[in-house]
Structure formats: structure tokens, C-alpha cells
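Inspection log for the structure reproduced underneath, given as C-alpha cells.
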Amino acid sequence: MATLMDLTLYLVTDHYQFNDKKFLSIIEEACQNGVTLVQLREKELLSGAFYELARKVKAVTDCYQVPLIINDRVDICLAVDAAGVHIGDDEMPVNVVRSLIGSEKLLGVSAKTVARGLEAQQAGADYLGIGAIFPTTTKETTLTSLETLQAINQAVAIPSVAIGGIKEDKLLQFKGTGIAGVSIVSEIMLAENVAAKVRSLKQKMIDVLEVQA
């Protein structure tokens with residue numbers, strides 16, 4: 001059985017132009033004020049640098065008992081003993097990743113269709129990342145409608161987070177879609193006041209999730 005998870009407010013990092021000190025301070029503020037999971041996403045770093053950064057991020061998240069998920073890199077996940085890994089559509093097969101990380105670690109899988117969601121669930125995913133729901137500069141991808149988001153959630157038994165271009169003023173649109181949380185990047189990483197932004201996002205998400213409970 002994988003680690004218990006709370007998907008309510010799921011921070012996915014982006015380094016932007018921050019130095020490591022600033023980057024880590026943003027993550028720490030986010031952890032202090034209510035994010036429930038952190039995913040370290042680094043597409044450009046070489047393995048050694050990714051490993052060192054992951055160690056530093058995990059030291060922060062561990063202080064606040066916030067699980068750390070590593071994007072794509074099973075080796076980095078295992079090397080730093082992160083809580084789990086999240087894989088996209090173009091990564092290794094879900095069942096292979098599950099066999100590599102074992103039953104105790106969390107496995108998140110990106111999904112855009114009901115078929116992919118069901119396949120991921122059958123192969124051992126713990127949760128789905130569904131989207132992108134809105135346009136995003138983080139990754140070029142086709143959009144997933146709110147109707148498809150709801151259909152996937154109705155079809156699978158595992159929880160999901162909505163991903164892609166999600167801002168605070170869009171959260172109420174997720175009422176009744178069946179999500180367990182949202183994945184946020186720039187709205188937190190680029191916030192002028194990270195603490196206030198995280199608290200506000202968290203309260204709105206609690207309201208959204210209470211409505212559909």
C-alpha cells in the first residue's frame with residue numbers, strides 16, 4: 001500500500017530564473033502555508049544536478065511532512081527516497097514503473113482520456129493528473145475539457161488532480177468534477193506573496209471539494 005496522500009493543493013515546481021536559494025525558499029513558504037504535495041519537475045538538469053537539487057528539496061519538504069514526488073525520473077526518486085514519482089504519456093509503461101518503485105511509493109500518471117485513466121489504474125497508478133485543462137506555458141499539449149475530466153473521474157476508482165494553467169480565479173469551475181485536488185505551478189512559484197497565495201488557494205479548494213463531497 002502506497003503512502004497516504006492528500007492531493008488538495010499540489011505544487012509542481014518550475015525553476016524559472018530563480019537561483020537555488022530563492023527556489024527553495026518558495027517551496028518552503030508553500031509547505032509552511034498549506035500545499036499538500038510537492039512535485040519536483042526539472043526537464044533540463046543533468047542527473048547529478050537533479051539529484052543534488054532533489055536532496056535539498058526533500059530536506060525542506062520533510063521538515064513539513066509534505067510528500068515529495070519526482071517528475072519522470074524513477075532513478076532520482078529512488079536515490080533520494082522520495083515519496084513517489086509522476087510519469088507522463090511518453091514515459092515507461094505504468095506497470096514497469098510500479099515494479100521498479102515497489103508498492104510503498106506513490107505513482108501518479110498523466111491522463112487525457114477515460115481509456116488512459118482506466119489503463120493507468122489497472123497497471124498500478126495511485127492517482128491521475130488529468131489535463132491540461134487550460135492553456136499553459138509549462139508544456140505544449142492538447143487541452144482536456146471539464147467534461148472529459150468529469151468522465152474520467154466517474155470511470156476510475158483512484159483519485160485525480162486537475163493539471164494545466166490553473167489559476168485561483170478558475171478554481172470554482174472544478175465544482176462537481178470529481179477531482180481530489182489541483183496541480184499548481186506559476187500561480188504559486190511566481191506569486192508576489194507566496195504564503196498568502198497558498199492560503200487563499202487552499203481555502204478555495206477546501207470549498208470546492210466540500211461542495212462535491
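The residues of region 1-35 that are among the β-branched types (Val, Ile, Thr) and either surrounded by fewer than 19 Cβ atoms within 10 Å (Cβ to Cβ) or not in a strand (DSSP E or B) (or both), listed by number, are Thr3, Thr8, Thr13, Ile26, Ile27, Val35. Checked against (1) open to solvent by less than 10 Å² (accessible area, probe 1.4 Å); (2) of a type in the set (A, V, I, L, M, F, W, C); (3) in contact with an Asp or Glu (Cβ under 6 Å, 6 or more places away or on another chain), Leu171 meets all criteria but (3). Kindly evaluate Leu201 against the criterion of being under 19 Å from the mean Cα position of the chain (by Cα), at pLDDT 95 or above, surrounded by fewer than 22 Cβ atoms within 10 Å (Cβ to Cβ) and closer than 25 Å to Phe23 by Cβ. In short, no.
The single residue among Ile76, Ile87 that is buried (at least 19 other Cβ atoms within 10 Å of the Cβ) and under 21 Å from Ile166 (Cα atoms) turns out to be Ile87.
Scanning region 144-155 for residues that are surrounded by 21 or more Cβ atoms within 10 Å (Cβ to Cβ), free of Cβ contacts under 8 Å to residues at least 40 places away in the same chain and of a type in the set (A, V, I, L, M) yields one hit, Leu149. For beta carbons closer than 9 Å, sequence separation of 6+ or different chains, a first residue in region 40-53 that is within 19 Å of Asp90 (Cβ to Cβ) and basic (Lys, Arg) and a second that is at pLDDT below 95 and open to solvent by 80 Å² or more (accessible area, probe 1.4 Å), the qualifying pairs are Lys43/Lys139.
The values are calculated or read from the model by the stated rules, or taken from the named source; none is laboratory data. Only a predicted model underlies this, so the values are computations on that prediction, with no experimental measurement involved. With ideal geometry, Cβ positions are generated from the backbone for all residues, glycine too; neighbour counts draw on all protein chains shown. Accessible surface is based on the protein model in full, side chains and every heavy atom, while ligands, DNA and RNA are left aside. Shrake-Rupley method; radii C 1.70, N 1.55, O 1.52, S 1.80 Å.
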